[in-house]
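The values are calculated or read from the model by the stated rules, or taken from the named source; none is laboratory data. Given the structure is predicted, the values throughout are model-derived calculations rather than measurements. Because the Cβ atoms are built from the backbone with ideal geometry, glycine has one as well, and the counts that use them run over all protein chains shown. SASA here: full protein model, heavy atoms, side chains in, ligands and nucleic acids out. Shrake-Rupley method; radii C 1.70, N 1.55, O 1.52, S 1.80 Å.
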Amino acid sequence: QLLSAIADSSEDAIFAKDKEGRYILFNRAASQFVGKPAAEMLGQDDMAIFPPEQAKMLMEAGHRVIENNRVQTEEEYLTLPGGDRVFLATKGPLQDNDGQVIGIFGISRDITARRQAEEQIRKLSRAVEQSPISVAITDADGRIEYVNPAFTKATGYTPESVIGKNPRLLQSGKTPKATYDAMWQALQNGQPWKGEFINRRKDGSEYVEFAIVTPLRQADGSISHY
């Protein structure tokens, strides 16, 4: 009863199977994921829940745990009533008092949202890397943390030569002070700023740059980057 209460309080799917792959424990979260009550799942195998190919994959994974007699963790892509989901599943052998393997246990965490967020970050990263527009990111103190290839092409400065430095290294001395004052007034008010700089490349040549500088906020509203 204590084990059942602990398992049912978890947001992760917790389950156990016998050596034939039949469920002998199926917690509340697992029931919610598959859309079937635990009582209906006990004594059933994966063929009763998942499409044949996925069920076969899960049953083979269970056999490997039993054969190797060790815990393993891997990602599983499953089709459920609510749609396709990604789980991080940890499975291990169940042993009796004599140390004999009598089945497997499993804990599966739904990481679909995390995987989707990571994919969005990868897309954004590729977009910034491949953008023809120069992009630089600084910390809140103005130290450069990232520049994209377009920045290097426009200024002649490689990432290695500017990381940790202030963007003022681009200044030519010809941009009016009022421009910088207006920029910092806007940024300190949490607003983006648009304007022109007269900058100098690494080779000494000057160029006019139209810039958009935007404060980046943390979840708590504090500015962490520009």
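Among the listed residues Gly195, Gly221, which satisfies the condition of being in a loop (DSSP other than H, G, I, E, B) and of a type outside the set (Phe, Trp, Tyr)? Please lay out each step first, then the result.
Values: Gly195 fails: in a loop (DSSP other than H, G, I, E, B).
The match here is Gly221.
If you go through region 112-130 one residue at a time, do you hit one that is modelled with pLDDT of 95 or more and over 30 Å from Tyr77 (Cβ atoms)? The answer is no; no qualifying residue exists. Checking each residue in region 184-203 for being over 15 Å from Thr138 (Cβ atoms) and open to solvent by 40 Å² or more (accessible area, probe 1.4 Å) picks out Gln185, Asn189, Gln191, Lys194, Glu196, Ile198, Arg200, Arg201, Lys202, Asp203.
Evaluating Leu170 against the criteria (1) hydrophobic (A, V, I, L, M, F, W, C); (2) touching an Asp or Glu at 6+ places or on another chain (Cβ under 9 Å); (3) open to solvent by 50 Å² or more (accessible area, probe 1.4 Å); (4) free of Cβ contacts under 8 Å to residues at least 40 places away in the same chain leaves one unmet condition, (3).
Scoring Gln188 on the criteria (1) at pLDDT below 95; (2) touching a Gly at 6+ places or on another chain (Cβ under 7 Å) leaves a single failure, condition (2). The number of residues in region 39-61 being in a helix (DSSP H, G or I) and open to solvent by less than 30 Å² (accessible area, probe 1.4 Å) comes to 5. Residues in region 128-149 that are touching a Ser or Thr at 6+ places or on another chain (Cβ under 7 Å) and not charged (D, E, K, R) were compared, and the one that is farthest from Gln188 (Cα to Cα) is Asn148.
Between a residue in region 205-224 that is aromatic (Phe, Trp, Tyr) and any residue that is open to solvent by less than 80 Å² (accessible area, probe 1.4 Å) and not in a loop (DSSP other than H, G, I, E, B), which pairs come within a Cβ distance under 7 Å, given they are 6 or more apart or on different chains? Within 7 Å, the pairs are Tyr207/Asn199. Counting only helices (runs of 4 or more DSSP H) that sit completely within region 62-162, those holding 1 or more residues that are buried (at least 17 other Cβ atoms within 10 Å of the Cβ) and in contact with a helix residue (DSSP H, G or I) (Cβ under 9 Å, 6 or more places away or on another chain) correspond to 149-155, 159-162.
The residue of region 163-183 that is nearest to Thr138 (Cα to Cα), among those that are assigned to a helix (DSSP H, G or I) and among the hydroxyl-bearing types (Ser, Thr, Tyr), is Tyr180. Restricted to region 210-225, and to residues there that are open to solvent by 40 Å² or more (accessible area, probe 1.4 Å) and not β-branched (Val, Ile, Thr), the residue that is nearest to Ile137 (Cα to Cα) is His225. Does Trp193 satisfy the condition of being at pLDDT below 95 and of a type outside the set (S, T, N, Q)? It is false that Trp193 is at pLDDT below 95 and of a type outside the set (S, T, N, Q). Residues of region 196-226 being at pLDDT 95 or above and on the phi > 0 side of the Ramachandran plot, which ones? Within region 196-226, Gly204 is the sole residue that qualifies. Restricting the first member to region 1-15 and to residues that are modelled with pLDDT under 85, and the second to residues that are open to solvent by 60 Å² or more (accessible area, probe 1.4 Å), the beta-carbon pairs closer than 8 Å and six or more apart or on different chains are Ala7/Arg28; Asp8/Arg28.
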